[in-house]
Amino acid sequence: MPEMSQDSLRAAIDAIRTRLHDELEAQLTHLSSRHHEELDVARRAAEAEADDRWSAKLEAVRSEWNGRLEAEVSAARAEAERRSAAESTRLQAEAEQAAASAAAMRRELEQALAAERERAQTGLDAERQRFAAEHEQRQATLDATRHELEQSCKERDSFRQELESFRQQAGDLRAELESGRQETTASRQESNRARQEADTLRQQLDEMRQRLDAAEQRLSNGTRDLEAVRSELGAAVRARDEAALAHQALSSKLDQDRRLREEEVRRQAEASRVMAEARVAERHAQLAVVERLLTAIRLLDGGRSLTDVLSALTSSAAAEAPRVALFVVNGSELRGWKSIGFEPETLQASLEETGLLSEAMRRREPVVCGEGQGPAAPAFAALPADRAAIAVPLLVASQPVAVLYADDASGEAAATPASWPEAVQILGRHASINLAHLTAARAADAMRRSMAPSEPASARPDREDGTSARRYARLLVSEIKLYNEAAVQLGRQKRDLLERLKPEIERARKLYTQRISPSVDERAALFQQELVQTLADGDVSLLGNPA
């Protein structure tokens, strides 16, 4: 009986074990099929979401570039029209102001000249009247003097005649005196009286001579006054002529100033026209650069492989710079992949050497050199001293995988200012984004293939699940860092990455949770570790506290 009980118990236990094993196998089969279905659904949803996201991003970029281009063109056209109108208005106002000023100055000069003429004419008329009055007065005085002189001359002639008669009488008396010395005392008295009369006549003759000298002196003074008046009149005439010459010179100067102002206005108008044409030409050149960049970006976006993207990048950069060369990282060496403008030879450089290429790879950002500034250009370039070069690293997940070199060494004169370095930087950055996208797409595809069940889920090692989860978390966080570079830099500075990038992190966390099975150990911890390592560069304090 005990043996039967033990056998029955063993049989019951075996039956229960068999039933439990069958049920467990059925549940495992059901869970496996359900897991496969959920994986297929999640994969299709992720692929659809990725396609939608990339299509939306591409359309947004295109819309943004088109909007920026139209806005810049409109703004430039409005700015040119505004400046042209303002310049025309200013020049017209200045011309009108200058004309008004010239007219006012001319009126003031004409008024001053008229007043000066009137004053000079008034002074000249007054001087003429004064001179005429003085001349008449002096002429009357001269006539009176002449009349007196003539009277004096007549009196002198009369006195001379009387003197001659007196002399004759004196001679007669002398003769009578000589002949009649013996005459009586009466004859002597008569002779004495005759002498007295002769002395009186002599005195009268001296007075007449004095009067005649005085008249001659007055006549000489009148002649000198007449000469002085004539001299004053000549000075007045000369002053009038000088005033006329000054007026003529002033008029000539006004005309010259007017011509100079007109010439200055013409030069300013010509300068404004030349400046406007230069601005239009510069704007056309800028639009040509933008159109080339848009074409190059479309060509880069159309690349379906890394080779397509790198080829498009090299040819597009060659449209901006005379010489370009693309190097890919091969360990510690940079191997030349493609070049345009250089001699057909194998280009190679080392990352251990100091120079432009190694500096750009070390900084992980574009580096410029030339004209004695910046690091040395690579030896293969033989860059002239007056030319410039740029090296743009191509980054995938913050790691440089290639570097683009470009310079302006050519037989033509270097453009100043040159826009090709900025264009090469834009192309390099966009190529990095395309390379990262293609790499991420390949990594996601490889992850999907690696996660495809080739055997029952119960037989897959937990270590492989953890590695796949870590890779997928790194891919999602790297995508956040790649497309939000500026926000990541600012979040590191402010130590608030979780708050600043909250929508992006939540979206990535949702995708991660949907893709990674809850059965993976430390599923949430792996995602958090990638946030610290990739997003915060290993410093957990940069994440900050979530809101």
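The values are calculated or read from the model by the stated rules, or taken from the named source; none is laboratory data. Predicted model, so just to flag it, every value in this text is computed and none were measured. Virtual Cβ from ideal backbone geometry, glycine too; neighbours counted across all protein chains shown.
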Tally the residues that are within 27 Å of the chain's Cα centre (by Cα), surrounded by 18 or more Cβ atoms within 10 Å (Cβ to Cβ) and outside any strand (DSSP E or B), restricting the search to the stretch 382-397.
1
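Could you say whether any residue in the stretch 43-62 is among the aliphatic types (A, V, I, L, M), closer than 21 Å to ARG509 by Cα and modelled with pLDDT under 75? Steps first, please.
Step one: filter the stretch 43-62 for residues among the aliphatic types (A, V, I, L, M), giving 45-46, 48, 50, 56, 58, 60-61.
Add one more test, that the residue is closer than 21 Å to ARG509 by Cα, and what stays is 45-46, 48, 50, 56.
Adding the requirement that they be modelled with pLDDT under 75 leaves 46, 50.
Yes, because at least one residue in the stretch 43-62 is among the aliphatic types (A, V, I, L, M), closer than 21 Å to ARG509 by Cα and modelled with pLDDT under 75.
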Looking at ALA413 and the list (1) crowded, with 16+ Cβ neighbours inside 10 Å; (2) hydrophobic (A, V, I, L, M, F, W, C); (3) over 30 Å from SER478 (Cα atoms), which single condition is not satisfied?
(1)
Which condition breaks for LEU173 when tested against (1) at pLDDT below 70; (2) over 29 Å from LYS154 (Cα atoms); (3) not basic (Lys, Arg)?
(2)
Is one or more of the residues making up the stretch 209-227 loosely packed, with under 13 Cβ neighbours inside 10 Å, in the same structural domain as ARG130 (by TED's automatic domain parsing), modelled with pLDDT of 65 or more and farther than 19 Å from GLN139 by Cβ?
yes
Tally time: how many residues in the stretch 237-254 are at pLDDT below 80 and either over 49 Å from the mean Cα position of the chain (by Cα) or outside the structural domain of ALA126 (by TED's automatic domain parsing) (or both)?
5
Residues (surrounded by 15 or more Cβ atoms within 10 Å (Cβ to Cβ), basic (Lys, Arg) and assigned to a helix (DSSP H, G or I)) located in the stretch 463-497:
ARG470, ARG471, ARG474, LYS481, ARG492
Among the numbered criteria (1) crowded, with 20+ Cβ neighbours inside 10 Å; (2) closer than 13 Å to PHE380 by Cα; (3) among the charged types (D, E, K, R), which single criterion is violated by GLU320?
(2)
